[in-house]
Every structure is written in structure tokens, then in C-alpha cells.
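The values are calculated or read from the model by the stated rules, or taken from the named source; none is laboratory data. From a predicted model like this one, the values you see are computed outputs, not experimental measurements. Counting neighbours? That spans all protein chains shown, and the Cβs are built from the backbone with ideal geometry, glycine included. When the accessible area is computed, the model is the full protein with side chains, heavy atoms only, and any ligands, DNA or RNA have been set aside. Shrake-Rupley method; radii C 1.70, N 1.55, O 1.52, S 1.80 Å.
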Amino acid sequence: MSDKTDITLIINGQSHAIRVESRRTLADAIREDCGQTGTHIGCEHGVCGACTVLVNGEPVRSCLMFAQQADGKQIRTVEGLAYGEEMHPMQRAFMENHGLQCGFCTPGFLMLAVGVLEREPDISDHDLVDVLSSNLCRCTGYQNIIKAVRAAAVEMRQS
């Protein structure tokens with residue numbers, strides 16, 4: 001009897017049929033089994049948010065979710081943000097507003113911000129800052145990250 005289960009992760013529109021142990025995290029499955037290394041793993045306790053991805057449009061900490069829980073669901077990672085060669089407005093805003101810093105936390109911030117703004121495009125500035133406070137930046141570049149997300153929010157509302 002095998003303690004592994006066959007699942008299919010649908011990442012950025014592509015199906016990945018993999019076999020995982022029941023306690024395998026979604027973050028590890030995305031990175032190691034599916035080769036999508038843009039999702040970073042920081043604290044592995046759901047505190048830092050570096051591993052944030054969208055599952056069925058909702059931001060989740062992939063280090064806290066088992067891969068089996070995401071079986072058959074739509075997963076969007078930082079690799080799926082751009083439209084071909086064209087960057088997503090959030091990616092472009094991070095570059096233009098110097099929100100990148102060392103870049104370790106960037107994928108998590110991008111996915112958190114995109115997930116929230118796609119779901120709630122008219123979120124108040126106060127609530128947006130509150131949501132962003134759930135992710136950590138070890139470089140403490142919060143002001144530029146917030147500036148970038150505000151700029152992208154305006155652009156995303158106009159498109």
C-alpha cells in the first residue's frame with residue numbers, strides 16, 4: 001500500500017500530474033514537483049507570506065496548504081502573471097516604484113496584491129495597507145511596495 005496519492009495541480013493553466021505524500025505542502029509540490037520556482041519559501045509557518053499563490057483566485061500561503069487540498073483547483077503563481085512578454089501592471093509598478101528590494105518577498109507580495117485587487121478593485125487605501133501588512137519584507141522596503149501597489153491598483157481599475 002502506497003502512502004502517496006495521485007493528484008493534478010493546475011498551475012497557470014497547465015496540468016501537472018504528480019504523486020505526493022499526504023503531508024507534502026503545496027509550496028514544495030509547486031517548486032519541486034512542478035518546477036515552478038518563482039514561489040519562494042520563507043518561514044514555512046505562514047508568517048512571512050513569501051509563498052503566497054492564488055488558489056481559485058484567493059491568496060493562500062502555500063506552505064500551510066497540503067498539495068492534496070489543491071487537487072484540481074486553479075493555481076496561479078508569479079510565473080502566470082505576465083501576458084507573454086508583457087508584464088502584469090503589478091509587476092511593472094513594482095519595477096517603476098522600486099518595490100523589488102532584494103526580491104525574495106516580491107512573488108508573495110505580487111500574488112497577494114493581485115489577488116486582493118482582482119477580487120476587490122475598489123478596496124480602500126486603509127484596507128489595502130492592512131492586507132499588505134500580512135506579508136513581510138526583510139529589507140523593510142514597505143513604503144515602495146505600498147506605493148507600487150497603489151499605482152498598480154489605479155492601472156488595474158482603468159483596464
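Evaluated against (1) under 22 Å from residue 61 (Cβ atoms); (2) in a helix (DSSP H, G or I); (3) of a type outside the set (Asp, Glu), residue 156 falls short on exactly one condition, (1). The residue of the range 1-20 that is surrounded by the fewest Cβ atoms within 10 Å (Cβ to Cβ), among those that are hydroxyl-bearing (Ser, Thr, Tyr) and over 17 Å from residue 79 (Cβ atoms), is 2.
Here residue 82 meets the list (1) more than 19 Å from residue 35 (Cβ to Cβ); (2) surrounded by fewer than 16 Cβ atoms within 10 Å (Cβ to Cβ); (3) of a type in the set (A, V, I, L, M, F, W, C) almost entirely, failing just condition (1). How about the range 89-113: which of its residues are over 13 Å from residue 141 (Cβ atoms) and crowded, with 19+ Cβ neighbours inside 10 Å? Result: 89, 90, 91, 93, 107, 108, 110, 111, 112, 113. Scanning the range 28-48 for residues that are surrounded by 24 or more Cβ atoms within 10 Å (Cβ to Cβ) and either under 24 Å from residue 142 (Cα atoms) or under 14 Å from the mean Cα position of the chain (by Cα) (or both) yields 30, 39.
Quick one: count up the residues across the range 64-79 that are open to solvent by less than 10 Å² (accessible area, probe 1.4 Å) and touching a Pro at 6+ places or on another chain (Cβ under 9 Å).
So the first thing to find is which residues in the range 64-79 are open to solvent by less than 10 Å² (accessible area, probe 1.4 Å), and the list is 67, 70, 75, 77.
If we keep only those that are touching a Pro at 6+ places or on another chain (Cβ under 9 Å) as well, we get 77.
Of the residues in that region, 1 qualify.
Picking from residues in the range 121-159 that are more than 17 Å from residue 105 (Cα to Cα) and of a type in the set (Val, Ile, Thr), the one that is most open to solvent (accessible area, probe 1.4 Å) is 154.
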